[in-house]
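Below: the structure, in structure tokens.
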Amino acid sequence: MLLKKETHNIQTKLADYCKTGIDVTIEGSRQDRLHHYRRLTYNIVKGALATAYPIAKKTLSENEWFTMVDSYFANHKMQTPLVWKMPFEFYEYCKDNKYSEKFGKPYIDELLYFEWLEIELHTMEDMAIPVYKEEGDLLNDRIVVTPEHELVGLEYPIHKFKGNDLLDKKGNYFVLIFRKKDTGAIRFINLSAFLALTVQTIVEERLNLADSIKKTSEAFGIDFNKSIQHGLAFANDLMAQGFILGYEI
Amino acid sequence: MSISGVGLGFRRDIAKQIIALDSNRPKFIEFAPENWMQMGGYWKKKLREAAEIYPIMCHGLSLSIGSPEELDFEFLKELKKFFDEFKPEVYSEHLSYSKCDNAHLYDLLPIPFRQDAIDHVSERIRVVQDYLERPLAIENVSYYTPVAAEMDEASFITQVVEQSGCNLLLDVNNVYVNAFNHGYNAKEFIENLPLDKVKYIHMAGHEQVSPDTIIDTHGQPIIDPVFELFEWAIGRIKPVPILLERDFNIPQMAELQAEMAKLQNIVDKVWANEYAIEKRNS
């Protein structure tokens, strides 16, 4: 390393000051102007997080939100060189530091994750789509779905209710989030546990719709013949909304 | 260099408009690779559409060439992959640091103007150029306080350029901002730079936040004194591409086009003879 330890230390001192805002004396600097660096770096992080998590920011009190933001900026070493990915580290930081417990708002982690997922699915690199045909038998052919999707299980219905209204609604909620192939827009579909398991078996076990509904019906102790029409209507809706692209060749 | 004339920063806020322009188009577009890397979906589609229409320049944000620690080769690998797809004519970065103690800060901190920093940064630039197999142009950044400086800024920049063999991106607005903030003569400063190494010029607006401080915001129109400094400066430089940067407070496209036209008029006036020679020789 060609850099002297002294110069290294000076650079570290300035970077630390930017992160914490704790006054520092740096030799050969104008003390009255150092604060611009704190302000500029902090504003970038604060702005990126507010853009990424508008609902969480609105849901939490200003004090709660800025407690999380300030602590994250001061203590977390942001790893990604890509600002658009940085908010994911904020979600992980808040989860690891148990702010949901500290603030008595157990839905915070899920809310942050849900908002991050929307960004990630919208922006993530395109995934390969298997060759598929558009015409087929919805019940008996194997289905091809849009690859940029996530089936999310939630304890709190953060996609339906806000703030303290969530506290007495702890349960099991499922949402399918996916990127539409043609427009790149993100769609959200609420699912029952039955339909969530049906989607999961279609995607993960590559079962056709009929076999998937059969397996799910057995798991739930429901009569297959009663659930098949419901499942078929659901699959038609998934196709209309762009989650189901077609059929394996 | 095949690109000439005035280009415009490609920002998401105006991406659709830039793609749809059918007259008074920028001659090229510039974007930060970090704002588009590892992306797919809607925005990647827009970037590809723009790249079909316009020549590309890339101006980085996160290389952090002045960091007091090791280069991030994982990042360089991704950068190289990105450049393989978009083939920018010029890749430029800031002569500053934005990562320290293994943490990104996402803004430009001033490197101490010291000999050991010159040696360190020059070595890093050489490694980056070798790895990416392309020259790097480094930009003179605006700074609000020197930090433990042992020499003046022009000497620091000049030695980095000479020692590393890189090119220079001359940001005329940054020269104006620094001259104002630190009380030096902008023209003398420019004359002391290795102007034969200038391959690209940036122009932007700024904001005066106190009687003795200007912040380089890229959020305002270019002011007349910066246009005047630009006209004076390019009279000392061979023709290179010029970029209009506007990152915040983005106005109507017509206003940006008018600013580009004003820059182009100055360029045409000052470089008329140079363009004629280039045309004759081509």
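The values are calculated or read from the model by the stated rules, or taken from the named source; none is laboratory data. Everything numeric in this text was worked out from a predicted model, so none of it was measured. Glycine gets a Cβ as well: all are built from the backbone with ideal geometry, and neighbour counts include every protein chain shown. SASA here: full protein model, heavy atoms, side chains in, ligands and nucleic acids out. Shrake-Rupley method; radii C 1.70, N 1.55, O 1.52, S 1.80 Å.
Inspect all residues belonging to the stretch B:103-121 and state whether any of them is away from chain A (no Cβ under 13 Å), under 19 Å from B:LYS199 (Cβ atoms) and either of a type in the set (A, V, I, L, M, F, W, C) or not in a helix (DSSP H, G or I) (or both). Step through it out loud before you land on a result.
Start the filter on the stretch B:103-121 by keeping residues that are away from chain A (no Cβ under 13 Å), which leaves none.
Checked the stretch B:103-121: no residue is away from chain A (no Cβ under 13 Å), under 19 Å from B:LYS199 (Cβ atoms) and either of a type in the set (A, V, I, L, M, F, W, C) or not in a helix (DSSP H, G or I) (or both).
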Task: Odd one out for A:PRO130 among (1) open to solvent by 60 Å² or more (accessible area, probe 1.4 Å); (2) assigned to a helix (DSSP H, G or I) - done: (2)
Task: Matching residues, the stretch A:201-227, being more than 29 Å from the chain's Cα centre (by Cα) and open to solvent by less than 20 Å² (accessible area, probe 1.4 Å) - done: A:ALA210, A:SER217, A:SER227
Task: Filtered residue count, the stretch A:23-44, keeping only those that are outside any helix (DSSP H, G or I), more than 7 Å from every other protein chain (Cβ to nearest Cβ) and more than 17 Å from B:CYS100 (Cα to Cα) - done: 2
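Which one is farthest from B:GLY7 (Cα to Cα), of the residues in the stretch B:31-54 that are open to solvent by 50 Å² or more (accessible area, probe 1.4 Å) and free of Cβ contacts under 8 Å to residues at least 24 places away in the same chain?
Initial filter on the stretch B:31-54 (open to solvent by 50 Å² or more (accessible area, probe 1.4 Å)): B:35, B:42, B:45, B:48-49, B:52-53.
Filter again for free of Cβ contacts under 8 Å to residues at least 24 places away in the same chain, leaving B:42, B:45, B:48, B:52.
Working: B:TYR42: 23, B:LYS45: 21, B:ARG48: 17, B:GLU52: 15 Å.
Once the filter is applied, the top-ranked residue is B:TYR42.
The rows are residues; the columns are (1) modelled with pLDDT of 95 or more; (2) among the hydrophobic types (A, V, I, L, M, F, W, C); (3) within 26 Å of B:ASN178 (Cβ to Cβ).
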| residue | (1), (2), (3) |
| --- | --- |
| B:LEU47 | yes, yes, no |
| B:LYS77 | yes, no, no |
| B:PHE83 | yes, yes, no |
| B:TYR91 | yes, no, yes |
Open item on the list: Can you tell me which residue is farthest from the other protein chains (Cβ to nearest Cβ) among those in the stretch A:1-22 that are surrounded by fewer than 20 Cβ atoms within 10 Å (Cβ to Cβ) and in a loop (DSSP other than H, G, I, E, B)?
Closed with: A:ILE22
Task: Answer from B:LEU132, B:LEU108 - the residue that is open to solvent by 10 Å² or more (accessible area, probe 1.4 Å) and under 16 Å from the mean Cα position of the chain (by Cα) - done: B:LEU108
Task: B:PHE28 in contact (Cβ under 8 Å) with a residue 24 or more places away in the chain, open to solvent by 10 Å² or more (accessible area, probe 1.4 Å) and either among the hydrophobic types (A, V, I, L, M, F, W, C) or in contact with a Leu (Cβ under 7 Å, 6 or more places away or on another chain) (or both) - done: no
- [ ] Sort out which residues of the stretch A:104-118 are under 18 Å from A:ASP165 (Cα atoms), open to solvent by less than 50 Å² (accessible area, probe 1.4 Å) and touching a residue at least 12 places away in the same chain (Cβ under 8 Å), and write them in order of number.
- [x] A:LYS105, A:TYR107, A:ILE108, A:ASP109, A:GLU110, A:LEU111, A:LEU112, A:PHE114
Open item on the list: Looking at A:GLY171 and the list (1) closer than 17 Å to A:PHE243 by Cβ; (2) open to solvent by 10 Å² or more (accessible area, probe 1.4 Å); (3) within 20 Å of the chain's Cα centre (by Cα), which single condition is not satisfied?
Closed with: (1)
Task: Residue count for the stretch B:189-243, restricted to those that are in a loop (DSSP other than H, G, I, E, B) and touching a strand residue (DSSP E or B) at 6+ places or on another chain (Cβ under 7 Å) - done: 10
TODO: Could you tell me whether any residue of the stretch A:167-190 is of a type in the set (Ser, Thr, Tyr), within 14 Å of chain B (Cβ to nearest Cβ) and touching a Phe, Trp or Tyr at 6+ places or on another chain (Cβ under 9 Å)?
DONE: yes
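Let's see how each residue does on (1) among the hydroxyl-bearing types (Ser, Thr, Tyr); (2) in the same structural domain as A:LYS160 (by TED's automatic domain parsing); (3) within 30 Å of B:TRP43 (Cα to Cα):
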| site | (1), (2), (3) |
| --- | --- |
| A:THR198 | yes, yes, no |
| A:LEU207 | no, yes, no |
| A:LYS215 | no, yes, no |
| A:PHE234 | no, yes, no |
| A:LEU238 | no, yes, yes |
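Could you say which residue among A:LEU197, A:LEU245, A:LEU238 is modelled with pLDDT of 95 or more and not in a helix (DSSP H, G or I)?
The unique qualifying residue is A:LEU245.
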